[in-house]
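Take a look at the structure set out below.
The values are calculated or read from the model by the stated rules, or taken from the named source; none is laboratory data. This is a predicted model, so every value here is computed, not measured. With ideal geometry, Cβ positions are generated from the backbone for all residues, glycine too; neighbour counts draw on all protein chains shown.
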């Protein structure tokens, strides 16, 4: 077997694995609810102070954004690996 084909196969498998990891993180991102921090603590009562209330919502949004960022990064890795494998496959 041509050594270049082995490289293409390895890149394709790595791209598939990265795609599966990305799919896992996208699934986790869909499961994250944007709940304010105060809904889980402090007895579930919204603070009277508007700044504290907004800060609680911000914490929930940041948690969702973190999971979305991981999913997007793994998607980018998957696309790069499979794209590079496709380009190398033209020469194999």
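Some notes on this structure:
- Any hit, the range 37-47, residues being surrounded by 15 or more Cβ atoms within 10 Å (Cβ to Cβ), in contact with a helix residue (DSSP H, G or I) (Cβ under 9 Å, 6 or more places away or on another chain) and in contact (Cβ under 8 Å) with a residue 40 or more places away in the chain: no
- Helices (runs of 4 or more DSSP H) enclosed by the chain - at least 1 residues per element that are at pLDDT 85 or above: 3-31, 50-89
- Taken together, the criteria place residue 25 among residues that are free of Cβ contacts under 8 Å to residues at least 60 places away in the same chain and in contact with a helix residue (DSSP H, G or I) (Cβ under 7 Å, 6 or more places away or on another chain).
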